[in-house]
Amino acid sequence: MISIKNLTHIYKDNDGKEIKALNGIDLDIAEGEFVAVIGANGCGKSTLARHINALLLPAEGTVTVDDMDTQEETKIWEIRQRVGMVFQNPDNQIVAAVVEEDVAFGPENIGVPGLEICDRVSKALGTVEMIEYAKKAPHLLSGGQKQRLAIAGILALAPKYIVLDEPTAMLDPKGRREVVETVCRLNKEKGITIIYITHHMDEAMLADRVVVMNEGKIVLQGTAKEVFSQPDKLAKYAVESPLAAQVAAKLRHDGIKIGEQIIGNEELVAEICR
Amino acid sequence: MSIKLADATFTYMKGTPLAHTALKNINLEIQQGEFVALVGHTGSGKSTLVQLMNGLLQPMKGSVCIDDIDLSIKGQIVRDTRKKMGIVFQYPEQQLFAETVYEDVAFAPRNKGMTADEVDKAVRSALRFVGLDFDSFQGRNPLHLSGGQMRRVAIAGVVAMQPDYLILDEPSAGLDPKGCKELFKSILSLHKEKGIGIILVTHNMEEAAMYAKRILVMDKGQIAFDGLPQELFVERREQLLMWGMDEPELYKLTNMLQKRGLQLTEIKDINTLVSGIKKAKGWR
């Protein structure tokens, strides 16, 4: 379990003024959960992500991963093996000239025996459906394939948790679908805990829990239905609800009886055409 | 006044075993007053096309003309013509370099040979167009602004060159919905008030549907579709998915409702959709 208590992160702006990028965050993430984190640019989402695997350390409060405190220096490497991270730009995460060598880089670094590395690499590539590209050069892959390669690199380290920071922002629609499907599969089939930062509401809707951040604080959380059925409230935090939720809210506003928790196209159509 | 490609073909690594033809016999004309969206999956040839349009790449075959000047000839006239094309690459904030917003935006107009007065005017007007207040932003370090603000400074740097055409490659990637709206407000005002032709390269079909009056779909190095947004999203929706694109939510929802027998016409945005639903259902 990941447990974040009263987490505060302070940085200095160019005038030397202290700004709280995170301001008293309390968040527990259970094993096997799929949590989406959404919010405007600059709300602290990415800062929060970097605290989970000790890339950043708290100014106040604590972050613990399976009861290991990120501020304990001796625990950092263990924490980083359990919490993998995938960033926005796939090109910044690829280190080798051949796909399978790129996946092997992580396990090699932590001293996994040779034969087991081979095993882990082929399993990881299998999971992201990239086996046929094992011998290819990463720079010839599409964006979606590169992101799946980055995920495979993390999987080879056998993490319990994966934090993805806007992994689809640079991808075309097909690449987005590939990455999103892969992430869902990791969660459902492999039981890996997912923390997923995104601006795409259709992706956030797939999560068990949606956490909305604004100005360094968690301002709203709940199931996708609970969160996205409040478009007016979300708009205040510069977050857009799915179109169906907006249409439902407008119809309700005009006095038409539409269910409170409608956020998807299918349910809205069913409700309207009752 | 137009961008005109005639039979343009481009091959990467020509003459090697890795040769890859990124564009095949492209014929295309874009008028200065247009707002065009260029869509297509990764590797479909969008970036190559854009680079041909401002002379960063030369076609192996065929020609590219801007306002009737062929970009393949040499000399001052081509250098001047290329300055009519402003291009904002992906993640333009990574190209910010100066110590103040003013200096960063002034860089291109100075290089273009404008006088100090002209440069000053160009910087002021460019910052206004991207919605940044001159007095509060001009002296700030561009690298210390928020993501959305940095992107707008970068776009101002291109706008200050006073181009006749502006190519934007994924200008909203990574911006939150509010940042996107503000950005597109700026882009629309450039288009409407200054008459700048806009070519928007995007993976986001919502944007393409909402802002462009003409959509080009690239597929396998060719133009697979060239026409109105409604035509693409309504009549050609099956092909759209085949080309690796997504259907905009508005059209998806409208289509689902129509399939259930609702009479919906002239759906342009969420408001027309809501009033359309009410009308079709006889709700008041």
Among the residues of the stretch B:175-208, how many are within 12 Å of chain A (Cβ to nearest Cβ), part of a helix (DSSP H, G or I) and either without any contact (Cβ under 8 Å) to a residue 60 or more places away in the chain or open to solvent by 50 Å² or more (accessible area, probe 1.4 Å) (or both)? 8
Filter the stretch A:247-263 down to residues that are open to solvent by 50 Å² or more (accessible area, probe 1.4 Å) and within 14 Å of another protein chain (Cβ to nearest Cβ), then give me how many there are. 6
Tally, over the stretch A:204-228, of residues that are farther than 29 Å from residue A:19 by Cα and open to solvent by 20 Å² or more (accessible area, probe 1.4 Å): 6
Condition check for residue B:113: assigned to a loop (DSSP other than H, G, I, E, B), closer than 30 Å to residue B:65 by Cβ and open to solvent by less than 70 Å² (accessible area, probe 1.4 Å): yes
Assess whether residue B:253 counts as being surrounded by 20 or more Cβ atoms within 10 Å (Cβ to Cβ), at pLDDT 90 or above and within 9 Å of chain A (Cβ to nearest Cβ). yes
For the list (1) within 14 Å of chain A (Cβ to nearest Cβ); (2) part of a strand (DSSP E or B), I need the number of the one condition that residue B:94 fails. (2)
Could you check residue B:242 against (1) open to solvent by 30 Å² or more (accessible area, probe 1.4 Å); (2) away from chain A (no Cβ under 14 Å); (3) not β-branched (Val, Ile, Thr) and say which number it fails? (2)
The stretch A:209-240, residues that are at the interface with chain B (Cβ under 10 Å from one of its Cβ atoms) and among the hydroxyl-bearing types (Ser, Thr, Tyr): A:237
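Residue by residue, here is whether (1) without any contact (Cβ under 8 Å) to a residue 40 or more places away in the chain; (2) open to solvent by less than 30 Å² (accessible area, probe 1.4 Å) holds:
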{"site": "A:18", "(1), (2)": "yes, no"}
{"site": "A:21", "(1), (2)": "no, yes"}
{"site": "A:37", "(1), (2)": "no, yes"}
{"site": "A:48", "(1), (2)": "no, yes"}
{"site": "A:53", "(1), (2)": "no, yes"}
{"site": "A:62", "(1), (2)": "no, no"}
{"site": "A:65", "(1), (2)": "no, yes"}
Being touching a residue at least 60 places away in the same chain (Cβ under 8 Å) and over 18 Å from residue A:94 (Cα atoms) is the filter; apply it to the stretch A:160-182 and report the residue that is least open to solvent (accessible area, probe 1.4 Å). A:161
Looking at B:61, B:84, which one is in contact with a Phe, Trp or Tyr (Cβ under 8 Å, 6 or more places away or on another chain), over 19 Å from residue B:217 (Cβ atoms) and of a type outside the set (Asp, Glu)? B:84
Here are some residues: B:75, B:62. Which one is open to solvent by 10 Å² or more (accessible area, probe 1.4 Å), at pLDDT 90 or above and among the small types (Gly, Ala, Ser)? B:62
From B:35, B:89, which residue is hydrophobic (A, V, I, L, M, F, W, C) and open to solvent by 50 Å² or more (accessible area, probe 1.4 Å)? B:89
Looking at A:115, A:171, A:140, which one is over 22 Å from the mean Cα position of the chain (by Cα) and within 12 Å of another protein chain (Cβ to nearest Cβ)? A:140
Among the candidates B:161, B:150, residue that is more than 14 Å from every other protein chain (Cβ to nearest Cβ), among the hydrophobic types (A, V, I, L, M, F, W, C) and open to solvent by 10 Å² or more (accessible area, probe 1.4 Å): B:161
Out of all the residues in the stretch B:117-132, is one or more β-branched (Val, Ile, Thr), under 15 Å from residue B:196 (Cα atoms) and either open to solvent by less than 30 Å² (accessible area, probe 1.4 Å) or in contact with a helix residue (DSSP H, G or I) (Cβ under 6 Å, 6 or more places away or on another chain) (or both)? yes
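The values are calculated or read from the model by the stated rules, or taken from the named source; none is laboratory data. Every value quoted in this text rests on a predicted model; they were computed, and no experiment measured them. Cβ coordinates were reconstructed from backbone atoms using ideal geometry, including for glycine residues, and neighbour counts include every protein chain displayed. All accessible areas refer to the heavy atoms of the entire protein, side chains included, with ligands and DNA or RNA removed. Shrake-Rupley method; radii C 1.70, N 1.55, O 1.52, S 1.80 Å.
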